[in-house]
Amino acid sequence: ATGEGMVPLSKVTADLVENIEEEVKVGQAVQVRVSSFDEASGRMDLSMRETGAQQVDLTPFEAVAQDHWLLGKVLSIFTFGAFVAVAAPVSKVPARGLVHNSRMVGDVAVGDDVKVRVDSVDVGRGRLGLSMEELSDQAKH
């Protein structure tokens with residue numbers, strides 16, 4: 001069978017993808033597997049990862065206090081936000097997190113060094129939410 005689907009950046013490789021053009025080229029034939037399919041909408045999510053490939057372990061980020069600032073580098077910018085490379089403070093585990101537009105402060109460009117806070121961690125889904133905003137006084141209590 002044939003069809004079209006999307007390969008999210010997180011499913012290109014188990015490693016952190018900083019520049020998609022270094023991984024694949026437009027028109028390049030790649031081997032994928034279907035990671036999910038919604039028959040009602042016809043949406044198909046694909047993965048280029050090997051079946052046993054491990055995603056980045058975000059567990060070290062669960063222990064990072066929300067008022068602790070991390071230094072990161074902007075990897076990519078989309079209409080919904082920016083992906084930022086960060087490392088967990090103690091373990092130095094590198095990861096890629098999303099700063100949603102609603103959590104951004106000022107303008108950023110790819111390659112910028114930025115200060116971010118851990119806003120949310122979903123180890124099971126491999127998602128790290130980041131924020132550039134200060135914690136409000138209410139959120140600290």
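The values are calculated or read from the model by the stated rules, or taken from the named source; none is laboratory data. None of the values given here were measured: they were computed from a predicted structure. Here the Cβ is made from the backbone with ideal geometry for all residues, glycine too, and neighbour counts use every protein chain on show. Remember, those area values only see protein heavy atoms, side chains included, never the ligands or the DNA or RNA. Shrake-Rupley method; radii C 1.70, N 1.55, O 1.52, S 1.80 Å.
Details
- Taking the numbered list (1) under 18 Å from the mean Cα position of the chain (by Cα); (2) farther than 20 Å from Val7 by Cα; (3) open to solvent by 70 Å² or more (accessible area, probe 1.4 Å) in turn, Arg127 passes all entries but (2).
- Filtered residue count, the stretch 42-62, keeping only those that are at pLDDT 80 or above and open to solvent by 80 Å² or more (accessible area, probe 1.4 Å): 3
- Tally, over the stretch 85-107, of residues that are over 15 Å from Met132 (Cβ atoms), open to solvent by 30 Å² or more (accessible area, probe 1.4 Å) and in a loop (DSSP other than H, G, I, E, B): 5
- Leu75 in contact with a strand residue (DSSP E or B) (Cβ under 7 Å, 6 or more places away or on another chain), assigned to a strand (DSSP E or B) and open to solvent by 70 Å² or more (accessible area, probe 1.4 Å): no
- Applying the condition of being open to solvent by 90 Å² or more (accessible area, probe 1.4 Å) and closer than 30 Å to Ala87 by Cα to the stretch 5-27 and asking which residue is modelled with the lowest pLDDT yields Asp15.
Conditions tested, residue by residue: (1) at pLDDT 80 or above; (2) part of a loop (DSSP other than H, G, I, E, B); (3) surrounded by fewer than 17 Cβ atoms within 10 Å (Cβ to Cβ).
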{"position": "Gly3", "(1), (2), (3)": "no, yes, yes"}
{"position": "Ala29", "(1), (2), (3)": "yes, yes, yes"}
{"position": "Ala40", "(1), (2), (3)": "yes, yes, yes"}
{"position": "Asp67", "(1), (2), (3)": "yes, yes, yes"}
{"position": "Phe83", "(1), (2), (3)": "yes, no, no"}
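- Flag for Lys115 being in contact with a Phe, Trp or Tyr (Cβ under 9 Å, 6 or more places away or on another chain) and of a type outside the set (Ser, Thr, Tyr): yes
- Hey, Val110 modelled with pLDDT of 90 or more, assigned to a strand (DSSP E or B) and under 21 Å from Ser10 (Cα atoms) or not: no
- Test result for Ser76, more than 21 Å from Pro8 (Cα to Cα) and polar (S, T, N, Q): no
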